[in-house]
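Visitor: One structure, as structure tokens, below. Some questions next.
The values are calculated or read from the model by the stated rules, or taken from the named source; none is laboratory data. Computed from a prediction, not measured in an experiment: that's the story for all the values here. Cβ atoms come from the backbone with ideal geometry, glycine included; neighbour counts cover every protein chain shown.
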Amino acid sequence: MRVGITFVACALIWGSTFLAIRFGNEAVPPLWAATIRLAIASVLLFGIVRVLGTPLPRGRSLRGAAVWGLFSLGVNLSLLYVGEQTVPSGISAVLFATVPLSTALLAAAFGVERLMSRKLFAAALAIGGVVVIFAGELGVAVPFAGLLTIFGAATAAALGNVLLKREPSPPVFALNAIGTAVAAAVCLVASFLAGESHAIPTTAAAWIPLLYLILAGSLGAFVLFSWLVTHWSVSNASLVGVTVPIIALILGGVVKGEQPAPLTYLGGAIVIIAILIAVRAPHPEPARASAATASD
């Protein structure tokens, strides 16, 4: 029962964060909003690290955390926030569903993991789904640059995850504290380069999305998903990534009146099928006679 509730909570939170970013962009410049979110989240995470007495990483572990923060949070959220100015939240979530498959391809390219033929097929299928989504959304005047920006954000997230695996992994709260601090600096520099205004938000319309993204997105869903992984199989937990775009599409349509093109639904279905193929547990090898005897 608790596993099911946690799974639904994770899916609902992550499925709604794309919509929250869309709302936040209406009140605060996108890169500045990302900076505020990450800076506050970093302070809270460093506080948690201190309370728990968790040591901060050093050496290669610190470098891994910083590189992960640079790509998986800094570049990722910079592009995502900018891209969602023109791309509907539901479409953004569908494009982000390609992260597990991009991760598999990049992991093989960097020699982190071996690429199985099943995942290669799934990745090719997902790319086909993305092409269908692009075709559908271009037909309803969603800018190609916006779609490419969101896809770039998802790819940056995957790259950061792969580079993190090449270094010793620090404790999760310390990892996120350092990662969000690095990412906040990245977004701040990008904000200045973009010429955004940097006024502190003063309205509820600005702070409600920010606080939701900080508490529910950066802290709550992370803790819930960590618990889920420790109490359930990883393959089952990873199915959260399949449900997130569905929830995001529904919320975008109900709350913001977003109307994806018909082809987008087809492309989204192709991407989701590809993810299901990728996360499907491999068939166990036949047990040897000796092993069977031992188990008896």
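Visitor: Is there any pair linking a residue in segment 259-271 that is of a type in the set (S, T, N, Q) to one that is at pLDDT 85 or above, with Cβ under 8 Å and at least six apart or on different chains, and which?
Guide: Gln259/Gly253; Thr264/Ile91; Thr264/Val94; Thr264/Val132; Thr264/Ile133; Thr264/Gly136; Thr264/Glu137
Visitor: Being over 25 Å from Arg50 (Cα atoms) and outside any helix (DSSP H, G or I), is that true of even one residue in segment 161-179?
Guide: yes
Visitor: Modelled with pLDDT under 75 and more than 16 Å from the chain's Cα centre (by Cα), is that true of Ser233?
Guide: Criteria met by Ser233.
Visitor: Enumerate the helices (runs of 4 or more DSSP H) found wholly within segment 1-81, keeping only those where 2 or more residues are over 16 Å from Leu175 (Cβ atoms) and in contact with a Phe, Trp or Tyr (Cβ under 8 Å, 6 or more places away or on another chain). Walk me through how you get there before you give the answer.
Guide: Values: elements: 2-25, 30-52, 59-68.
Answer list for segment 1-81: 2-25, 30-52.
Visitor: Still on this structure: For segment 190-214, enumerate the residues that are of a type in the set (A, V, I, L, M, F, W, C), part of a helix (DSSP H, G or I) and under 16 Å from Leu80 (Cα atoms). Even if it seems obvious, please write down each step before you answer.
Guide: Going residue by residue through segment 190-214, those that are of a type in the set (A, V, I, L, M, F, W, C) are 190, 192-194, 199-200, 204-208, 210-211, 213-214.
Those still in the list that are part of a helix (DSSP H, G or I) too: 190, 192-193, 204-208, 210-211, 213-214.
Within segment 190-214, Ala190, Leu210, Leu213, Ile214 meet the criteria.
Visitor: A follow-up question, please. Of (1) farther than 23 Å from Gly24 by Cα; (2) small (Gly, Ala, Ser); (3) at pLDDT 90 or above, Ser169 satisfies all except one. Which?
Guide: Single failed check for Ser169: (3).
Visitor: Suppose the filter is at pLDDT below 95, assigned to a helix (DSSP H, G or I) and in contact with a Ser or Thr (Cβ under 6 Å, 6 or more places away or on another chain); does Gly241 pass it?
Guide: Answer is no for this residue.
Visitor: Can you confirm whether segment 101-114 contains a residue that is touching a Gly at 6+ places or on another chain (Cβ under 7 Å) and either of a type in the set (S, T, N, Q) or assigned to a helix (DSSP H, G or I) (or both)?
Guide: Looking for residues that are touching a Gly at 6+ places or on another chain (Cβ under 7 Å) and either of a type in the set (S, T, N, Q) or assigned to a helix (DSSP H, G or I) (or both), one finds none in segment 101-114, hence no.
Let's see how each residue does on (1) surrounded by 19 or more Cβ atoms within 10 Å (Cβ to Cβ); (2) farther than 24 Å from Phe23 by Cβ; (3) modelled with pLDDT under 90; (4) β-branched (Val, Ile, Thr):
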| site | (1), (2), (3), (4) |
| --- | --- |
| Phe71 | yes, yes, no, no |
| Val132 | yes, yes, no, yes |
| Ala154 | yes, no, no, no |
| Gly160 | yes, yes, no, no |
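Visitor: Something else now. List pairs: first in segment 183-206 and over 14 Å from Arg37 (Cβ atoms) and at pLDDT 95 or above, second surrounded by fewer than 17 Cβ atoms within 10 Å (Cβ to Cβ) and of a type outside the set (A, V, I, L, M, F, W, C), Cβ under 9 Å, 6+ apart or cross-chain?
Guide: Between residues of segment 183-206 that are over 14 Å from Arg37 (Cβ atoms) and at pLDDT 95 or above and residues that are surrounded by fewer than 17 Cβ atoms within 10 Å (Cβ to Cβ) and of a type outside the set (A, V, I, L, M, F, W, C), the close pairs are Phe192/His198.
For (1) under 23 Å from Ala183 (Cβ atoms); (2) surrounded by fewer than 17 Cβ atoms within 10 Å (Cβ to Cβ), each residue gets a yes or a no:
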| residue | (1), (2) |
| --- | --- |
| Leu77 | yes, no |
| Gly83 | yes, no |
| Pro88 | no, no |
| Ser92 | yes, no |
| Phe96 | yes, no |
| Ser117 | no, yes |
| Gly129 | no, no |
| Val142 | no, no |
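Visitor: Taking segment 160-216, which residues are of a type in the set (Val, Ile, Thr), touching a Leu at 6+ places or on another chain (Cβ under 8 Å) and closer than 19 Å to Leu45 by Cβ?
Guide: Passing the criteria: Ile178, Thr180, Val182, Val186, Ile214.
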